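Written out below as structure tokens is the structure these notes cover.
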Amino acid sequence: METKQSLFSRLPVISQLKKSVGLQRGMLVTGLVMTIAFLLTAAFAPWLAPYGFSQRFDQTQAPPSATHLWGTTAGGYDVLSRTLWGAQTAFLVIVVAVVLSIFLGVILGLVSGYLGGWLDRVLVVVADAIYAFPTLLLAMVMSIAISQGRSSLWSGIFSAAISITVVFIPQYFRVIRAETIRLKAEPFVESAIVVGASSVRIMARHIYKNATRTLPLIFTLNASEAILTLAGLGFLGFGIEPSSAAEWGYDLNHAQSDATSGIWWTGLFPGLAIVLTVLGLTLLGESMNDLNDPRLRGRKRAGKKRARKDKELVDA
């Protein structure tokens, strides 16, 4: 039982939650609640949504009512249903994009950092060139190249995910490469080399586990960026067809003309969905990042000890 508790307490979010105090704990809990709400919405969207994402009605631009709680769009879609189904689309794109980014970024970072030489120099130059390129512009170019800018559900998800993956790979590559360069000089790696372990075994068994400890932090921050990139693609007209999936950026695009006519509900709710989801993921990622810094943890411990001493003096 103790082993299970120790393993549970070492999980990324749980370990940070135990270390957090005050404002940082509030930020972490808030971000965690908002992120869980997004995940539950994505998982149960087919049961939560009153209608299908592509179901049309004769009532266009109808205000919120008992039949359509958040009103309808100019195309006759139910805003509540589109918003709930949009969470599922965003979740699928995040999963595919981040998994592909981590897989390729980690492998390239390990190989580049450990082997070095001309391969390392080439990969660093390519990664820096991609990283310096504007994120949304690069995603647009990749989306056009993959799906000519518009596509069905799964082709749209994969094209958006691959577009985001190209942008994210350099981030994982640089982090893993830096950790690999640091770790390959450690005594345990040198010992593995002395006993005759192969380079693949050293990278897979000794360096990988230690170099990927910060990945949960980067994952949460990149997840929020992936949602913004997906929304940007949809807003600019390079997203998924409305008959294939619900996508918040596409709905915001078509709500622009409604806003000038005083029709606020078609753009308010998809916009709030993007803001709240990104805010929750950002709060979660930034809090974990801060709590992962030993200097901040030490400062908190010192503050708690000082407060305890002050209380003891007052009581005395």
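The values are calculated or read from the model by the stated rules, or taken from the named source; none is laboratory data. Because the structure is a prediction, the values reported are computed rather than measured. Neighbour counts are summed over all protein chains in view; Cβ atoms, including those assigned to glycine, are modelled from backbone coordinates with ideal geometry.
Yes/no matrix, rows are residues, columns are (1) surrounded by 21 or more Cβ atoms within 10 Å (Cβ to Cβ); (2) part of a helix (DSSP H, G or I); (3) modelled with pLDDT under 80:
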{"site": "Val124", "(1), (2), (3)": "no, yes, no"}
{"site": "Gly149", "(1), (2), (3)": "no, no, yes"}
{"site": "Ser163", "(1), (2), (3)": "yes, yes, yes"}
{"site": "Gln171", "(1), (2), (3)": "no, yes, no"}
{"site": "Ala192", "(1), (2), (3)": "no, yes, yes"}
{"site": "Ala197", "(1), (2), (3)": "no, no, yes"}
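Could you run through the stretch 43-67 and say how many residues are under 24 Å from the mean Cα position of the chain (by Cα) and outside any loop (DSSP other than H, G, I, E, B)?
Within the stretch 43-67, residues that are under 24 Å from the mean Cα position of the chain (by Cα) and outside any loop (DSSP other than H, G, I, E, B) number 5.
From the list Gly196, Gly239, exactly one residue is in contact with a helix residue (DSSP H, G or I) (Cβ under 8 Å, 6 or more places away or on another chain) and either over 13 Å from Ala160 (Cα atoms) or not hydrophobic (A, V, I, L, M, F, W, C) (or both). Which is it? Give the steps one after another, and end with the answer.
On the way: Gly196 fails: in contact with a helix residue (DSSP H, G or I) (Cβ under 8 Å, 6 or more places away or on another chain).
Matching residue, one of Gly196, Gly239: Gly239.
For residues that are under 25 Å from Leu32 (Cα atoms) and either crowded, with 23+ Cβ neighbours inside 10 Å or touching a strand residue (DSSP E or B) at 6+ places or on another chain (Cβ under 8 Å) (or both), tally how many sit in the stretch 225-268.
Start the filter on the stretch 225-268 by keeping residues that are under 25 Å from Leu32 (Cα atoms), which leaves 225-232, 246-249, 268.
Now drop any that are not either crowded, with 23+ Cβ neighbours inside 10 Å or touching a strand residue (DSSP E or B) at 6+ places or on another chain (Cβ under 8 Å) (or both), which leaves 226-227, 229-231, 246-249.
Counting residues in the stretch 225-268 that are under 25 Å from Leu32 (Cα atoms) and either crowded, with 23+ Cβ neighbours inside 10 Å or touching a strand residue (DSSP E or B) at 6+ places or on another chain (Cβ under 8 Å) (or both) gives 9.
Please find, among Ile207, Ile181, the residue that is modelled with pLDDT of 75 or more and either surrounded by 18 or more Cβ atoms within 10 Å (Cβ to Cβ) or in contact with a Cys (Cβ under 8 Å, 6 or more places away or on another chain) (or both). Let's see the steps before the verdict.
On the way: Ile181 fails: either surrounded by 18 or more Cβ atoms within 10 Å (Cβ to Cβ) or in contact with a Cys (Cβ under 8 Å, 6 or more places away or on another chain) (or both).
The unique qualifying residue is Ile207.
Consider only pairs whose beta carbons are under 8 Å apart and that are at least six residues apart or on different chains; among these, list those whose first residue lies in the stretch 92-121 and is buried (at least 16 other Cβ atoms within 10 Å of the Cβ) and whose second residue is basic (Lys, Arg) and not in a helix (DSSP H, G or I).
The qualifying pairs are Gly113/Lys184; Tyr114/Lys184.
Can you find even one residue in the stretch 265-275 that is modelled with pLDDT of 75 or more and either touching a Pro at 6+ places or on another chain (Cβ under 8 Å) or in a loop (DSSP other than H, G, I, E, B) (or both)? Can you show your working first?
Looking only at the stretch 265-275, we keep the residues that are modelled with pLDDT of 75 or more, and these are 265-275.
Retained after the next criterion (residues that are either touching a Pro at 6+ places or on another chain (Cβ under 8 Å) or in a loop (DSSP other than H, G, I, E, B) (or both)): 265.
Among the residues of the stretch 265-275, at least one is modelled with pLDDT of 75 or more and either touching a Pro at 6+ places or on another chain (Cβ under 8 Å) or in a loop (DSSP other than H, G, I, E, B) (or both), which makes the answer yes.
If we scan the stretch 130-140, do we find a residue that is polar (S, T, N, Q), in a helix (DSSP H, G or I), under 24 Å from Leu217 (Cα atoms) and modelled with pLDDT under 85?
Pass one, the stretch 130-140, residues polar (S, T, N, Q): 135.
Narrowing the set further to residues that are in a helix (DSSP H, G or I) leaves 135.
Now restrict to residues that are under 24 Å from Leu217 (Cα atoms): 135.
Next, only the ones that are modelled with pLDDT under 85 stay: 135.
Yes: the stretch 130-140 contains one or more residues that are polar (S, T, N, Q), in a helix (DSSP H, G or I), under 24 Å from Leu217 (Cα atoms) and modelled with pLDDT under 85.
Please give the helices (runs of 4 or more DSSP H) falling wholly within the stretch 204-263 in which 2 or more residues are over 24 Å from Phe103 (Cβ atoms).
On the way: elements: 208-211, 215-235, 248-254, 256-259.
In the stretch 204-263, 215-235, 248-254, 256-259 are the helices (runs of 4 or more DSSP H) which contain 2 or more residues that are over 24 Å from Phe103 (Cβ atoms).
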